[in-house]
Structure formats: C-alpha cells, structure tokens
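K.L.:
Here's a structure for you.
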Amino acid sequence: TGPTRRSAPRTRRTLSSRAVPSDGNTGQHPPADWLLRAERNRRPNHGQGNCLFLAIAGHPGCTASHQELRQAVVGYLRAHTDEFMPMWDGLMPTPNGVDIPCPSFEDYLRHMAEDGAWGGHLELVAAAHVLGAAILVCGHSVPTSLFGDRHRPMPEVERRYALWYADGHYEGIRT
C-alpha cells in the first residue's frame, strides 16, 4: 500500500514514554508555573524539518551549527547501530507528516543526514551523547523527559539544554 497520513505524531518524531538506555523520562509534568515560564522563554526557529537541530545548536553552550550537529548525531547513530536500531520505528524521517516505510536503518541514516529530515527520540538520545549534555524536553502535551547518560553526574550548566516541544516542533528555551 502507499503512504498513509498520520492522525498523531509517531514515536520517532515525538517523545517516547518507553524506557531506553539513555532516556531518563520522568513520565511527569513539572509544575504549571514552571511550564509557563519555560514557554515564555522559547527561542523560535524556522524549523522546516531542522527544528530539533536548530533548537540545540542555538543554545549558548553549543558551538556547532545545526548542520554540523546533524552530521555528528548521524555519525553517532551509525557507530552505535546495535543500540539504536531496535528503537527505530522502521519509517523514513519525512518532514511532511507522511509515514513511508524505510527499507533499512542505513537508508534511514542516509536520509537523516539530509537537511530537512525530521529528528526525534533517537536523535535526542544521540545528541545528548555527542554533546556530553543533559537535554530536557518539556511542553504542555508531553511528559518531561531528560536525555543523557544516567551513569554520569549532571553536567555543568553550559551543557544543560532545555527544549520546548509542541505540535511536532522543537524550540530552545532560554535558561
């Protein structure tokens, strides 16, 4: 059958409540006043399939461009295929909201390396490792999730990233 339009975002492009080795998902929402302050401090970006990488690269502690970050994340995913392939949903990283099956994880990575390919859960896990950072993702409609190495102490402030997620779009949060 052909591509199907999704009624709701899927795990790869959104946050997953499923526990994975590098995902410290709390499954809880922070207090409403904290969320309101975070929402007011969002750093908008133009997105176009690059919003996750733009949100992280726009953080003062990140010295990479969003393109450099994307390539580093794809390289990390490729080097750790055995860890990430079981978490992959089998779909292309399409920016248009259409689910298209992807024949292999290597094809997925080839497409993810291209400008405009949507990033999500896998890329958040990999970005936290690449940057040696803790990445907090929050929003009104998602459980607050912390991505990073749970076996290491919390990194210094400049390596703590906060992202806002709403309606399939990531934005940085000024902290």
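K.L.:
As an exercise: evaluate residue 135 against (1) under 20 Å from residue 175 (Cβ atoms); (2) surrounded by fewer than 17 Cβ atoms within 10 Å (Cβ to Cβ); (3) aliphatic (A, V, I, L, M) and give the number of the one condition it does not meet.
P.N.:
(2)
K.L.:
Here's something else I'd like to know. For the stretch 93-111, which residues satisfy the criterion of being in contact (Cβ under 8 Å) with a residue 24 or more places away in the chain, on the phi < 0 side of the Ramachandran plot, open to solvent by less than 40 Å² (accessible area, probe 1.4 Å) and outside any helix (DSSP H, G or I)?
P.N.:
93, 94, 98, 99, listed by residue number.
K.L.:
Here's a follow-up. Tell me the residue from 114, 171 that is surrounded by fewer than 21 Cβ atoms within 10 Å (Cβ to Cβ), at pLDDT 95 or above and either closer than 20 Å to residue 69 by Cβ or within 13 Å of the chain's Cα centre (by Cα) (or both), please.
P.N.:
Criteria check complete, one pass: 114.
K.L.:
Can you give me the number of residues within the stretch 138-160 that are open to solvent by less than 10 Å² (accessible area, probe 1.4 Å) and either of a type in the set (Ser, Thr, Tyr) or without any contact (Cβ under 8 Å) to a residue 24 or more places away in the chain (or both)?
P.N.:
1
K.L.:
Also, quick follow-up: Suppose we keep only residues that are open to solvent by 10 Å² or more (accessible area, probe 1.4 Å) and either charged (D, E, K, R) or under 15 Å from the mean Cα position of the chain (by Cα) (or both) within the stretch 50-61. Which one would you say is nearest to residue 120 (Cα to Cα)? Explain how you work it out, then say what you get.
P.N.:
Taking the stretch 50-61 and keeping what is open to solvent by 10 Å² or more (accessible area, probe 1.4 Å), we get 51, 54, 57-61.
Still in the running and either charged (D, E, K, R) or under 15 Å from the mean Cα position of the chain (by Cα) (or both): 51, 54, 57-59.
Working: 51: 10, 54: 13, 57: 15, 58: 17, 59: 18 Å.
Here the residue is 51.
The values are calculated or read from the model by the stated rules, or taken from the named source; none is laboratory data. If you're wondering where the values come from, they're calculated on a predicted model, not measured in any experiment. Cβ atoms come from the backbone with ideal geometry, glycine included; neighbour counts cover every protein chain shown. For accessibility, only protein heavy atoms count, side chains too; no ligands or nucleic acids. Shrake-Rupley method; radii C 1.70, N 1.55, O 1.52, S 1.80 Å.
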